[in-house]
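Worksheet: the structure to be examined is printed underneath.
The values are calculated or read from the model by the stated rules, or taken from the named source; none is laboratory data. It should be emphasised that the depicted structure is a prediction, and the values quoted were computed from it without experimental measurement. So basically every Cβ, Gly included, is an ideal-geometry build from the backbone, and we count neighbours across all protein chains shown.
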Amino acid sequence: MEIRLDIHPLGEILIVKALDKRIHYEESEDFGDQVQKALDESGFMNLLLDLQEVEYITTNALGRLIGIHKRIVEKKGQLKIVLTHKGVLEIFKITNLNKVLQIYPSKEKALKSFERPG
């Protein structure tokens, strides 16, 4: 199944916003493929992944996020994730991904963090 994403550049940052509330197992492959394809085609190394609308995400999709993060870091880029749903944030905490990935409560804070080194 295909997940709906809004993908657009902002300066040197590629912004990917998930438009669906749920990322099921069936959509997780497409989710990862679309994000990676957008990064490859744009040549951008910095990604802001906006998951504010997401209320449910599978561990398979989390695995795809880790793969994307790894590729971005290898290219000396940065991945910032915007999360607002408590349930999804709890999944990131349970899996300790909140310690590996940079998570922000708003798009504005995530964008501002790109201005600072590291």
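Need the failing condition index for residue 29 against (1) at pLDDT 95 or above; (2) out of contact with any Lys or Arg (no Cβ under 7 Å at 6 or more places or on another chain), just the number.
All conditions pass for residue 29, except number (1).
Identify, by number, the condition in (1) closer than 17 Å to residue 9 by Cβ; (2) modelled with pLDDT of 95 or more; (3) among the hydrophobic types (A, V, I, L, M, F, W, C) that residue 88 doesn't meet.
Every listed condition holds for residue 88 apart from (1).
Of everything in the range 79-91, what is assigned to a helix (DSSP H, G or I) and either within 12 Å of the chain's Cα centre (by Cα) or of a type in the set (D, E, K, R) (or both)? Give them in sequence order. Break it down stepwise before answering.
Taking the range 79-91 and keeping what is assigned to a helix (DSSP H, G or I), we get 86-91.
Those that are assigned to a helix (DSSP H, G or I) and either within 12 Å of the chain's Cα centre (by Cα) or of a type in the set (D, E, K, R) (or both): 86, 90.
When residues of the range 18-27 are filtered for being within 13 Å of the chain's Cα centre (by Cα) and surrounded by 18 or more Cβ atoms within 10 Å (Cβ to Cβ), how many remain? Give the derivation first.
Taking the range 18-27 and keeping what is within 13 Å of the chain's Cα centre (by Cα), we get 18-19, 23.
Restricting the remaining residues to those that are surrounded by 18 or more Cβ atoms within 10 Å (Cβ to Cβ) gives 18, 23.
Within the range 18-27, residues that are within 13 Å of the chain's Cα centre (by Cα) and surrounded by 18 or more Cβ atoms within 10 Å (Cβ to Cβ) number 2.
Just give me the residues in the range 82-118 being small (Gly, Ala, Ser) and within 20 Å of residue 59 (Cα to Cα), in sequence order.
Applying the first criterion (small (Gly, Ala, Ser)) to the range 82-118 yields 87, 106, 110, 113, 118.
The one that is small (Gly, Ala, Ser) and within 20 Å of residue 59 (Cα to Cα): 87.
Let's see how each residue does on (1) outside any strand (DSSP E or B); (2) surrounded by fewer than 19 Cβ atoms within 10 Å (Cβ to Cβ); (3) of a type in the set (A, V, I, L, M, F, W, C):
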{"site": "9", "(1), (2), (3)": "no, yes, no"}
{"site": "16", "(1), (2), (3)": "no, no, yes"}
{"site": "29", "(1), (2), (3)": "yes, yes, no"}
{"site": "37", "(1), (2), (3)": "yes, yes, no"}
{"site": "41", "(1), (2), (3)": "yes, yes, no"}
{"site": "49", "(1), (2), (3)": "no, no, yes"}
{"site": "54", "(1), (2), (3)": "yes, no, yes"}
{"site": "63", "(1), (2), (3)": "yes, yes, no"}
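Tally time: how many residues in the range 65-80 are surrounded by 20 or more Cβ atoms within 10 Å (Cβ to Cβ) and without any contact (Cβ under 8 Å) to a residue 24 or more places away in the chain?
0
Could you identify the single residue in 109, 76 that is modelled with pLDDT of 95 or more, among the charged types (D, E, K, R) and more than 13 Å from the chain's Cα centre (by Cα)? Steps first, please.
Values: 76 fails: modelled with pLDDT of 95 or more.
Going through 109, 76 in turn, the sole match is 109.
For the range 39-52, state whether one or more residues are modelled with pLDDT of 95 or more and either more than 14 Å from the chain's Cα centre (by Cα) or β-branched (Val, Ile, Thr) (or both). Full working, then the answer.
Within the range 39-52, the first condition is being modelled with pLDDT of 95 or more, and the residues that meet it are 46-52.
Filter again for either more than 14 Å from the chain's Cα centre (by Cα) or β-branched (Val, Ile, Thr) (or both), leaving none.
No: the range 39-52 contains no residue that is modelled with pLDDT of 95 or more and either more than 14 Å from the chain's Cα centre (by Cα) or β-branched (Val, Ile, Thr) (or both).
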